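The values are calculated or read from the model by the stated rules, or taken from the named source; none is laboratory data. Predicted model only: the values in this text are computed from it and were never measured. Reconstructed Cβ throughout: ideal geometry from the backbone, glycine too, with neighbour counts over all protein chains shown.
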Amino acid sequence: MKFIEDQTAQKLRGGYYTPLDLASFIARWVGEINPDKVLEPSCGDGAFFQAMSDVGGFEKSALTGFELDSDEAGKATRRAKQLNLSKAAVRSEDFLGWAIENMTKGGERFDAAVGNPPFVRYQFLPPQFQVRAATIFDELGLKFTKHTNAWVPFILASMSLLRPGGRLAMVVPAEIIHVTHAQSLRSYLGKECRRLVIIDPEELWFDGTLQGAVILMAEKRSSPRQKAEGLGMVPVRGREFLRRSPSEVFAEPQSINGKTVAGKWTRALLDLETRDLFDELEAHADVHRFDDIARVDVGIVTGANKFFLVPDATVEAYGLSKYAHPMFGRSEHCPGVIYDEQQHAANAEKGSPTNFLWFDDAPNKMAKKARQYIERGEAEKLHTRYKCRIRAPWYKVPSVYSTEVGMLKRCHDTPRLILNKIGAYTTDTAYRIRTKEADGERLVGCFINPLTALSAELEGRHYGGGVLELIPSEIERLVIPMPAKAELDLAELDNSIRNRPTHETLERQGKVVLGALGISKAKQASALEGWRKLRNRRHRTSTEAVPA
């Protein structure tokens, strides 16, 4: 968990100002409709005012900006005056509060909305802003989650304040495409807009952050009868696209609708042939949803991992062997798909925290050194931590059980299941997998293949640094081929994952698993290429072909 006291002032404000060339591109596009009234819900020091002045055509437009920071609001006001934007007004107040008052019928409406909304986690917002964020969702009849981020209600409110046919163009986090907490926003935009386009860069636009950003271009439907075309993606490298006409860029990609817009937008990053192939393979009789063949549960939640997950040296120092049980929870603990005594011993030799401490005795039954260890934890105030203080005694961790199959929450290339041969425990950095009818070893072997790897990219999410993460609801939607005729060799698969590039292992597994379904080599290669494209985008690496 991240705590507010650990965050920088910039992160708490969510202020990462937009490069002028990007702001100018946005201003050019919304300027094409000659807007009388323009909204900038988080104007900072007025970068978009500068852009609108530079591109021209906004001299008679009524520009309304909002900026909570009074110093920045003052800068924006002075900049607008210097630029002779006589009808610009900057309000030093919270945009969301103002928007709530105006979202009802009869409130103020705008022809265009531009900006770079703040990137602040809900948990770091002051209480009154949390309430306002939730109210925006409620006013629009949308499902709210406390996992949201400030930019989501900012976009929702801005779109709701646009007149029919109005345009919204903003620099937003790239995670708009895939995070679960933005699902209500994606659905709302898909319903409200005639056309949506995302300009998706290969590189990072903001220095000092690993957070990717995209440009969202949205044109609101002119009437309820106007057809919603859906979403189009424009992948770009470098700044060459800025020299083009924004209208050309907006019109360029083929729009997709249906389940692509209704769900995560990651599908739109694939070409039509790959999307059709995925749908075809997904419908195969021997391809299953994960939820149909297995159940996923979170790992053990200790509330204080450094206290409960320890190396052998700590067990020996405090005489804790009675309470020590084997565990793994990180990718380096199990670089393959088999966790056995050999791997466990190798981890222990490196001094890794290979022991989970489960105290099920009362203190008066514990040996002196074990009691001292408990007292050490209390001296560190561990018993006051939320997860610890809500249980009695604080040092007895609940929901302790192991499963035959495990899965790490995060991965670099593609997720994998782990055959847990020694019944090791896993913490909440991993998931516990219980099969319904499928054999555990077979499930582990079939899970590694191009189709499931592609499915994971479509269902998962990623943040700064490009690590893929899957939560239980996303794992449940993964598709897994389980052909009865597949000749699996788990030891060979384990060795391949440890020692070969991921794409080579997936290619080999495509022949073994997808080949057993009768899927052609060409289609196997297409699925592999689809995975590689999304993986490379996540890593922000070149999409050039992998050398043979």
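Here 441, 504 are screened, and the one residue that is of a type in the set (D, E, K, R), within 27 Å of residue 203 (Cα to Cα) and at pLDDT 95 or above is 504.
Annotation: residue 16 fulfils all but one of (1) at pLDDT 95 or above; (2) over 25 Å from residue 165 (Cα atoms); (3) buried (at least 20 other Cβ atoms within 10 Å of the Cβ); (4) not aliphatic (A, V, I, L, M); the unmet one is (1).
Each row is one residue, and each column tells you yes or no for (1) part of a loop (DSSP other than H, G, I, E, B); (2) surrounded by fewer than 21 Cβ atoms within 10 Å (Cβ to Cβ); (3) in contact with a Cys (Cβ under 8 Å, 6 or more places away or on another chain); (4) not assigned by TED's automatic domain parsing to the domain that holds residue 107.
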position: 23; (1), (2), (3), (4): no, no, no, no
position: 29; (1), (2), (3), (4): no, no, no, no
position: 33; (1), (2), (3), (4): yes, yes, no, no
position: 44; (1), (2), (3), (4): yes, no, no, no
position: 63; (1), (2), (3), (4): no, no, no, no
position: 74; (1), (2), (3), (4): no, yes, no, no
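For residue 488, indicate whether it is surrounded by 16 or more Cβ atoms within 10 Å (Cβ to Cβ) and either part of a helix (DSSP H, G or I) or under 15 Å from the mean Cα position of the chain (by Cα) (or both). No; evaluated as a whole, the condition is false for this residue.
Taking the criterion of being over 19 Å from residue 111 (Cα atoms), of a type outside the set (Ser, Thr, Tyr) and in contact with a Lys or Arg (Cβ under 8 Å, 6 or more places away or on another chain), the residues of region 236-261 that qualify are 256, 259, 261. Count of region 137-149 residues, restricted to those that are surrounded by fewer than 23 Cβ atoms within 10 Å (Cβ to Cβ) and either β-branched (Val, Ile, Thr) or closer than 22 Å to residue 64 by Cβ (or both), is 3. Checked against the criteria, residue 467 does not count as buried (at least 19 other Cβ atoms within 10 Å of the Cβ) and β-branched (Val, Ile, Thr).
Hand me the list of strands (runs of 3 or more DSSP E) wholly inside region 210-320 holding 1 or more residues that are at pLDDT below 95 and crowded, with 16+ Cβ neighbours inside 10 Å. Answer list for region 210-320: 213-220, 230-236.
Summed over region 111-128, the residues that are surrounded by fewer than 22 Cβ atoms within 10 Å (Cβ to Cβ) and within 17 Å of residue 189 (Cα to Cα) give a count of 1. Output yes when any residue across region 63-75 is under 18 Å from residue 170 (Cα atoms), of a type in the set (S, T, N, Q) and at pLDDT 95 or above, and no when none is. Yes, because at least one residue in region 63-75 is under 18 Å from residue 170 (Cα atoms), of a type in the set (S, T, N, Q) and at pLDDT 95 or above. So, in region 474-502, how many residues would count as being within 24 Å of residue 343 (Cα to Cα) and not hydroxyl-bearing (Ser, Thr, Tyr)? Of the residues in that region, 13 qualify. State all residues of region 221-255 that are of a type in the set (Ser, Thr, Tyr) and closer than 16 Å to residue 267 by Cα; if no residue qualifies, say none. 255 - this is the single residue of region 221-255 that is of a type in the set (Ser, Thr, Tyr) and closer than 16 Å to residue 267 by Cα. Against the numbered list (1) within 20 Å of residue 63 (Cβ to Cβ); (2) in contact (Cβ under 8 Å) with a residue 40 or more places away in the chain; (3) outside any loop (DSSP other than H, G, I, E, B); (4) out of contact with any Cys (no Cβ under 9 Å at 6 or more places or on another chain), residue 168 comes up short only at (4). The set of residues from region 135-149 being in contact with a Lys or Arg (Cβ under 8 Å, 6 or more places away or on another chain) and at pLDDT below 95 comprises just one member, 149. If the condition is being free of Cβ contacts under 8 Å to residues at least 40 places away in the same chain, under 30 Å from residue 477 (Cβ atoms) and surrounded by 15 or more Cβ atoms within 10 Å (Cβ to Cβ), then region 321-342 contributes only 333. If you go through region 76-120 and keep only what is closer than 19 Å to residue 22 by Cβ and part of a helix (DSSP H, G or I), you end up with 76, 79. Looking only at region 321-353, residues that are assigned to a loop (DSSP other than H, G, I, E, B), under 20 Å from residue 420 (Cβ atoms) and of a type in the set (Gly, Ala, Ser) come to 3 in all. The residue list 525, 486 contains one member that is within 19 Å of residue 272 (Cα to Cα) and among the small types (Gly, Ala, Ser), which is 525.
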